[in-house]
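Some notes on the structure that comes next.
Readers should treat all values here as calculations from the given coordinates under stated rules, not as data from a laboratory. Given the structure is predicted, the values throughout are model-derived calculations rather than measurements. Backbone-built Cβ (ideal geometry, glycine too); neighbour counts: all protein chains shown.
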Amino acid sequence: MLDKASGSDPELEGVLAALKASLAIPFEEAVSMPPRVYTSEGVFQLERENIFAREWHCAGRADELSEPGAYVTLDIAGEPVFAVCDREGNIRAFSNVCRHRCARLLEGRGKAGRIVCPYHAWVYNLDGSLMSAPMMPDDFDANGISLPEIAVENWRGWIYINLDRNAPPLFPRIEALDEEMANYHMERYTTLFVTEEIWDTNWKCLVENFSEAYHVFAVHPTTVDAALPTRLGTYPPGGEGFFRYCQKKLEGVTFDLEKDGTVLNDDLTEEQRETYPIVGIFPAHVFSISEDRLFWLALQPHGIGQVKFRWGVSVYPGAVPDEGRDAHAAKAKAALDKVNSEDRGIIENIYRGASSNLASSGRLSPKERCLWEFKQYYAQRLCG
């Protein structure tokens, strides 16, 4: 709460002091985030300024935007933006606000030959330039009026965008991960389905849940743990811009699409076919990958107590036949909806618990190394 006499926020100052102190604590002695990190308005505003307005955010898969005019919208740090394939086949990103009277131009995802403002029918080309503006004065000049462009990077079929045009590139921070992931050829995976949801929790609760398998035996005993048991998880150190760990599947058990035993990707080692890397690209993109499927989530805060995210599944060529692809998509989504519903219950529970005056940080398990790595990243961004 703000101290009106001094203009300070003692709660925020306490959270930042705890985060800063945690930077010097090794993983073997680490504890979880301070509970107020999930519930403080002051913390949320700092996140918008220091993380979401400055970092690279996943907008989805490049093959979603493979045809001119294909677009997807999202909100980053309160800014409406969209990514679109232009007429030359390049993926670009722009402000999703009309230059006339600030109407939002596009909603959701789809395909459009031109971008038409729903308020006064100003028309923009796919390069962001203004094409026409009906019934404007004779001295009105549309030349030079364009939608503000936003930085874009493509990493192995993932599209990332950044509001900060001067931000350092993403790739150097994940180069070590790129080398590990090279054999998977993620750029070859094609979208099976994509959907969007809003959960009643803080965005960090969902990132942290995805960053460890410690909860799997308790939350997913008959779904995930039956194929990828908690006890078989390994947690090697991550890097500057990412965390990752690996789950090994039980022999003779599959957690993926039904296959006829055909090897889809000759470049994968036997170990890679038997393990499932789970990866987080800071701050809010997480995915798991196997030889046949790619399951991913791209998150954005929807206020302090809600997180909005796109999630989907992509598949390696040959994993799903063209005939019956929709049926495979429905089956895969139903299976993952069940897993997600198990996670949703506990993640929303955690957010409610973090609001308690008696909530406190707890010692981390050896299987929660990625939480510590995420916390280190997060504390550096908030504390400077």
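Ignoring lysines fewer than eight residues from Lys111 along the same chain, the ones with Cα atoms less than 25 angstrom from its Cα are Lys308, Lys333. Using C-alpha pairs below 8 Å separated by at least 6 residues, the relative contact order for the range 116-242 is 16 percent.
Counting Lys and Arg as +1 and Asp and Glu as -1, what is the net charge of the other residues whose Cβ lies under 13 Å from the Cβ of Pro148? Kindly include the intermediate steps, with their values, before the conclusion.
Numbers: positive: Arg92, Arg99, Arg165; negative: Glu79, Asp127, Glu149, Asp164.
Summing Lys/Arg as +1 and Asp/Glu as -1 gives -1.
If the cut-off is 15 Å between C-alpha atoms, which aspartates and glutamates fall inside it for Lys338, apart from same-chain ones fewer than 8 positions away? Lys338 reaches Glu197, Asp225, Asp256. In order along the range 231-237, phi translates into HN-Hα couplings of 5, 9, x, 10, 10, x, x Hz, rounded to whole numbers, per the Karplus curve 6.51 cos²θ - 1.76 cosθ + 1.60 with θ = phi - 60° and x for Gly and Pro. As a proxy for reagent exposure, ranking Thr222, Thr190 by other Cβ atoms within 10 Å from fewest up yields Thr222, Thr190. Between the range 8-38 and the range 298-366, what is the C-alpha centre distance in whole Å? Taking the Cα centre of the range 298-366 as reference, the centre of the range 8-38 is 26 Å away.
Positive contributions from Lys and Arg (+1) and negative ones from Asp and Glu (-1), summed over other residues with Cβ under 10 Å from the Cβ of Ile278, come out at 0.
Take every Cα pair under 8 Å whose residues are at least 6 apart in sequence, average their separation, divide by the length of the chain, and the relative contact order is 21 percent. Which lysines, on any chain, are close to Lys367 with Cα under 19 Å apart, when same-chain ones fewer than 8 places away are left out? Straight-distance partners of Lys367: Lys204, Lys248, Lys249, Lys375.
Please arrange Asp86, Asp266 by how many other C-beta atoms lie within 10 Å of their C-beta, fewest to most. Before the final figure, lay out the partial values.
Working: Asp86 15, Asp266 6.
The fewest-first ordering by Cβ neighbours comes to Asp266, Asp86.
Net charge within 9 Å of Glu368 by Cβ-Cβ distance, Lys/Arg positive one each and Asp/Glu negative one each, not counting Glu368 itself? Walk me through the intermediate numbers first.
Values: positive: Lys367, Arg369; negative: Glu208, Glu212.
Surrounding charge for Glu368 is 0.
Of all complete DSSP H helices in the chain, those with a Cα span along the helix axis of 24 Å or greater and a mean Kyte-Doolittle hydropathy of -1.0 or more are 325-354. Each Lys and Arg Cβ is given +1 and each Asp and Glu Cβ -1; about its Cα centre, the range 226-351 then shows a dipole of about 560 debye. Ranked for footprinting exposure by Cβ neighbours inside 10 Å, fewest first, Leu232, Leu105 give Leu232, Leu105. Shown for the chain: cysteine residues without a partner Cβ closer than 4.7 Å, namely Cys58, Cys85, Cys102, Cys205, Cys246, Cys370, Cys383.
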